[in-house]
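**Q** One structure coming up, written as structure tokens, with questions to follow.
The values are calculated or read from the model by the stated rules, or taken from the named source; none is laboratory data. Everything numeric here is computed off the predicted structure, so don't read it as measured data. Cβ placement follows ideal geometry from the backbone for every residue including glycine, while neighbour counts extend to all protein chains displayed. Only protein heavy atoms, including side chains, enter the accessible area calculation; ligands, DNA and RNA are left aside. Shrake-Rupley method; radii C 1.70, N 1.55, O 1.52, S 1.80 Å.
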Amino acid sequence: MSLGWIAIALMTMGVLGALFRRQMIMVSLNIDVALLGVALAILHGNQQWQHPWGDAIAFGLLALVLIHQLVMFILAQFLFEKLKTTQLGAWRNLRG
Amino acid sequence: METFFLIIQTCFAIGGGGVVLFVREPQRAVFGFLMVFLSVASVMIAQQSPWILCLILILGFGVITPWIYIKGVQRFNKEPTQPLDTHLGISRILLLLVSAYFLLSILPLWPSLLSDIQKSTAANNHPSLSLWAVYLGAIFLVSVTGLLPFIIRQRSRS
């Protein structure tokens, strides 16, 4: 099983989870799993392409995923304190 | 050995992805995400520099395993109404799983690390064997620090 197949598996699991989740944190976690798969795929692909920016893009994506997750935690905590829910569907129906 | 390293990281990544996909509680899903992040970052850093990865794994091992132990003991002391055996069992399983992951990730890195040392010693004409032994002993000692709380606990129990 090569790194490419693992990347595909991670992307599939992440996208599937993101499609069927309702809570913001769970959706963001699943999207980030898919993005980690993308980062792995870029790194694996760059072993053949040998582009000078390839590895930098993969590591940049890794850092962005971590930053995104931290921002999401802070945002989810703020919204939960304000609206008392983390359900995406409930936020859509809120008024005022 | 590189294949062994990749197999461990693959199991960890797919397991973490499965946890994020199937678990209901966000607290547990975060652990799954961290598993995937750790394994993907390990594979990516190992491609660039195995020495940096080894350092990160040893630091993580030395920090996270005592933290799990201390955290487990705090909960154990604060919540006497909960079943004690279950508490201890979960903490111990978590501690052993984390320790096994770190140690099994560090060990397959040895061949690439040793070949790096061999190349540098061949260039500088140093006695390579003793240098290898010193490196191996030093990093083994640092690795064992992560298991110290577990060993101390066993002694205090007996």
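**Q** I need the full set of residues from segment B:27-50 which are more than 9 Å from every other protein chain (Cβ to nearest Cβ), in contact with a helix residue (DSSP H, G or I) (Cβ under 8 Å, 6 or more places away or on another chain) and open to solvent by 20 Å² or more (accessible area, probe 1.4 Å), in order please.
**A** Of everything in segment B:27-50, those that are more than 9 Å from every other protein chain (Cβ to nearest Cβ), in contact with a helix residue (DSSP H, G or I) (Cβ under 8 Å, 6 or more places away or on another chain) and open to solvent by 20 Å² or more (accessible area, probe 1.4 Å) turn out to be B:28, B:31, B:34, B:35, B:38, B:46, B:50.
**Q** When only residues in segment B:56-79 that are modelled with pLDDT of 80 or more and open to solvent by 30 Å² or more (accessible area, probe 1.4 Å) count, which is farthest from residue B:105 (Cα to Cα)?
**A** Ranking the candidates gives B:67 first.
**Q** Does residue A:4 satisfy the condition of being within 21 Å of residue B:39 (Cβ to Cβ) and either away from chain B (no Cβ under 11 Å) or among the aromatic types (Phe, Trp, Tyr) (or both)? Talk me through it step by step, then tell me what you get.
**A** Numbers: within 21 Å of residue B:39 (Cβ to Cβ): yes; either away from chain B (no Cβ under 11 Å) or among the aromatic types (Phe, Trp, Tyr) (or both): yes.
When the stated conditions are applied, residue A:4 passes them.
**Q** With the structure loaded, tell me whether residue B:25 is out of contact with any Phe, Trp or Tyr (no Cβ under 6 Å at 6 or more places or on another chain), modelled with pLDDT under 80 and acidic (Asp, Glu) or whether it fails that test.
**A** Working: out of contact with any Phe, Trp or Tyr (no Cβ under 6 Å at 6 or more places or on another chain): yes; modelled with pLDDT under 80: no; acidic (Asp, Glu): yes.
When the stated conditions are applied, residue B:25 does not pass them.
**Q** Kindly indicate the residue of segment A:7-25 that is open to solvent by 10 Å² or more (accessible area, probe 1.4 Å), without any contact (Cβ under 8 Å) to a residue 60 or more places away in the chain and within 7 Å of chain B (Cβ to nearest Cβ) and also farthest from residue A:55 (Cα to Cα) among those meeting that condition. Break it down into steps so the answer makes sense when it comes.
**A** Initially, segment A:7-25 is screened for residues open to solvent by 10 Å² or more (accessible area, probe 1.4 Å), giving A:8-9, A:11-13, A:15-16, A:18-25.
The next check asks that each one be without any contact (Cβ under 8 Å) to a residue 60 or more places away in the chain; those that pass are A:8-9, A:11-13, A:15-16, A:18-21.
Okay, now just the ones that are also within 7 Å of chain B (Cβ to nearest Cβ), so A:9, A:13, A:16.
Details: A:9: 21, A:13: 24, A:16: 27 Å.
The qualifying residue farthest from residue A:55 (Cα to Cα) is A:16.
**Q** From B:104, B:53, grab the single residue that is modelled with pLDDT of 80 or more, within 14 Å of another protein chain (Cβ to nearest Cβ) and under 21 Å from residue B:133 (Cα atoms).
**A** Within the list B:104, B:53, the selection yields B:53.
**Q** Can you name the residue in segment B:1-26 that is under 19 Å from residue B:111 (Cβ atoms) and over 16 Å from the mean Cα position of the chain (by Cα) and is also farthest from the other protein chains (Cβ to nearest Cβ) among such residues?
**A** B:1
**Q** Do you know which residues across segment B:29-45 are under 11 Å from residue A:58 (Cβ atoms) and touching a residue at least 60 places away in the same chain (Cβ under 8 Å)?
**A** The answer is none; no residue qualifies.
**Q** Further question on the same structure: I need the full set of residues from segment A:26-55 which are open to solvent by less than 30 Å² (accessible area, probe 1.4 Å), touching a residue at least 24 places away in the same chain (Cβ under 8 Å) and of a type in the set (Val, Ile, Thr), in order please.
**A** Within segment A:26-55, just A:27 meets the criteria.
**Q** If we scan segment A:59-75, do we find a residue that is more than 7 Å from every other protein chain (Cβ to nearest Cβ), outside any helix (DSSP H, G or I), farther than 14 Å from residue B:30 by Cα and modelled with pLDDT under 90?
**A** No; the residues of segment A:59-75 include none that is more than 7 Å from every other protein chain (Cβ to nearest Cβ), outside any helix (DSSP H, G or I), farther than 14 Å from residue B:30 by Cα and modelled with pLDDT under 90.
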